[in-house]
Amino acid sequence: MKMRHLGLLLCGLLGLYLLISPIYALLHFKQFASLTPHLMRYVVVPGLLGFAFVAVGLLAKPRFSVMVGTCGLSVLAGLLLFEALLTVKSVSVRLGMLGQLNEAQAETLGRMTNAVRGFTLRGLNRRSGTEELSKALLSGFPSSQVVLCTSESDIVSYTADRYGFNNPDQVYGGKLDLVLLGDSFVEGFCLPPGEDLASQLRNGGLAAVSLGIRGNGPLLELAMLGRFGEELRPRHVMMAFFEGNDWENLEKELTVPWLRSALSSEANYGSQSTAQETMRAARMIMGELNKRPVTMADLVSKTAMIRNFVALQQTFTQLGLIYPKIAHTIPEFRDTLHRAKTLTESWGGTFTLVYVPRADRFMGSLSSDRIIDQLKTMVLDAAKAEGVAVVDLHKAFRSHPEPARMYAPDHHFSREGASLAADVILRHLGAIEQSPKNIAVIK
């Protein structure tokens, strides 16, 4: 009798663990189960395995159920141990991304005048009580020292230009060839000065500036173009779309009334002077945030580390079995591209979308391209419908012998990745100069 109870316990525990995935997926059906591949991956396969183990515990002979339960739990324990090793390895990277400082670094940062940790514009505007687009904070803090990330031995930071972005101020001394809009990939997350994308484009001979801030999405980038585009009047504008989170960022941005108004042809994007009050409020907020040390509690609260551990996310990523959330149509994305293109063409410039792939595509033993391409197809279709040229970094990275090297451990561009991206963009702009009417997609 004890043997039967033991077999039921072992198989039951394994079955319940396996059933967590289909339960979660069904509760979030739209994101994880509304397409057949996701339904199979997150519901059908783990669900059948879970019920099979429970059935073995209930119906099989005690000796057999104990053997199956023991073997199954041993495999699960091994996977969880491997996930634990990957998680521990990633903790220092994630804390560095949040800007954790050791004692010496805290003293160094304290001596820096006008130093700020990394921030998001959406977060600062929310905390500042922004209600109008014209008064919104749409840049960083001019001449401040912005911390991108930290490591055990170093602080990676940059001195913001006259507008608050990661550029040398002297680049504004003449006619601009290119303005890059984007998030942390464009800001140059965790890359020392001179190694980021905009710097490498400048090394290639372009007068290029980055208007990138971590956490930006397409709608914020449109608003930034509306505010700074007419003043800077670059020959070319490029908006970087990161497939890892920009679709979700756009969904969140559309829920903010003042930001949604950026889509209107009558939008008042304001200027740096109309945003001064919000800038002052945001500086005070950053002053308070800078005083708070980054701890493990921040890592747990600001990331899905615990949930991801239980789901064996890093382990399945290594296998190529992590399927991202299902992307659903957002008509406003096409509207965003249309408005950005219209703004750029108003001063005679060209507008291009740069498609930035997620690192997960290149990490797994099995290719996940077919699954992730569901979003890519939607993005490229929207660009095609609006006549917007696309620089597809996914295909450029995939053609590299070791595409995973294009990313740092934090899953942003490595120096090599930023360099390859710059080369592809330079080729695209060269093609525009030769035949501006025939550009569609550059790989």
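The values are calculated or read from the model by the stated rules, or taken from the named source; none is laboratory data. Quantities reported herein were computed from a predicted structural model and do not represent experimental measurements. Here the Cβ is made from the backbone with ideal geometry for all residues, glycine too, and neighbour counts use every protein chain on show. Just so you know, the surface numbers come from the protein's heavy atoms only, side chains and all, with ligands and any DNA or RNA stripped out. Shrake-Rupley method; radii C 1.70, N 1.55, O 1.52, S 1.80 Å.
Some values worked out for this structure:
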| read-out | value |
| --- | --- |
| Hey, Ile330 β-branched (Val, Ile, Thr), open to solvent by 10 Å² or more (accessible area, probe 1.4 Å), more than 20 Å from Glu221 (Cα to Cα) and under 22 Å from the mean Cα position of the chain (by Cα) or not | no |
| Only listed residue being among the polar types (S, T, N, Q) and without any contact (Cβ under 8 Å) to a residue 60 or more places away in the chain, chosen from Ser273, Ser184, Ser261 | Ser273 |
| Residue pairs meeting the criteria (Cβ under 9 Å; at least 6 apart or on separate chains; first within 15 Å of Ala359 (Cβ to Cβ), in the stretch 308-321; second open to solvent by 60 Å² or more (accessible area, probe 1.4 Å) and among the aromatic types (Phe, Trp, Tyr)) | Gln314/Phe82; Gln318/Phe82 |
| Residues satisfying the stated conditions in the stretch 333-357, i.e. under 22 Å from Leu254 (Cβ atoms) and open to solvent by 10 Å² or more (accessible area, probe 1.4 Å) | Arg334, Asp335, His338, Arg339, Lys341, Thr342, Leu343, Phe351 |
| Residue within the stretch 338-357 that is assigned to a helix (DSSP H, G or I), under 20 Å from the mean Cα position of the chain (by Cα) and touching a residue at least 40 places away in the same chain (Cβ under 8 Å) present | no |
| Residues located in the stretch 30-58, provided they are farther than 14 Å from Tyr323 by Cβ and among the aromatic types (Phe, Trp, Tyr) | Phe51, Phe53 |
| Number of the condition not met by Glu402 [criteria: (1) more than 24 Å from Ser210 (Cβ to Cβ); (2) in contact (Cβ under 8 Å) with a residue 40 or more places away in the chain] | (2) |
| Residue check for Leu259: of a type outside the set (Lys, Arg), open to solvent by less than 10 Å² (accessible area, probe 1.4 Å) and either over 17 Å from Ala136 (Cβ atoms) or outside any helix (DSSP H, G or I) (or both) | no |
| Every pair of residues 6+ apart whose Cβ atoms lie under 7 Å, when the first sits in the stretch 86-97 and is within 18 Å of Met363 (Cβ to Cβ) while the second is of a type in the set (Val, Ile, Thr) and surrounded by 14 or more Cβ atoms within 10 Å (Cβ to Cβ) | Leu86/Thr315; Arg94/Thr303 |
| Scope the stretch 296-321; condition β-branched (Val, Ile, Thr), modelled with pLDDT under 85 and open to solvent by 50 Å² or more (accessible area, probe 1.4 Å); matching residues | Val300 |
| Qualifying positions in the stretch 361-392 - within 22 Å of Phe185 (Cα to Cα), open to solvent by less than 40 Å² (accessible area, probe 1.4 Å), in contact (Cβ under 8 Å) with a residue 60 or more places away in the chain and not basic (Lys, Arg) | Ile372, Leu375, Val379, Val391 |
| Enumerated strands (runs of 3 or more DSSP E) restricted to the stretch 125-243, each holding at least 1 residues that are open to solvent by 10 Å² or more (accessible area, probe 1.4 Å) and in contact with a helix residue (DSSP H, G or I) (Cβ under 7 Å, 6 or more places away or on another chain) | 145-150, 155-159, 236-242 |
| Positions within the stretch 287-314 being within 18 Å of the chain's Cα centre (by Cα) and of a type outside the set (S, T, N, Q), in sequence order | Leu299, Lys302, Ala304, Met305 |
| Per-region count, the stretch 144-164, residues aliphatic (A, V, I, L, M) and farther than 14 Å from Pro192 by Cβ | 1 |
| Unmet requirement for Tyr269, which otherwise passes all of (1) part of a helix (DSSP H, G or I); (2) surrounded by 19 or more Cβ atoms within 10 Å (Cβ to Cβ) | (1) |
| Subset tally (residues that are in a loop (DSSP other than H, G, I, E, B) and in contact with a strand residue (DSSP E or B) (Cβ under 8 Å, 6 or more places away or on another chain)) for the stretch 272-309 | 0 |
| Residue within the stretch 65-80 that is in contact (Cβ under 8 Å) with a residue 12 or more places away in the chain, at negative phi, touching a strand residue (DSSP E or B) at 6+ places or on another chain (Cβ under 6 Å) and open to solvent by less than 20 Å² (accessible area, probe 1.4 Å) present | no |
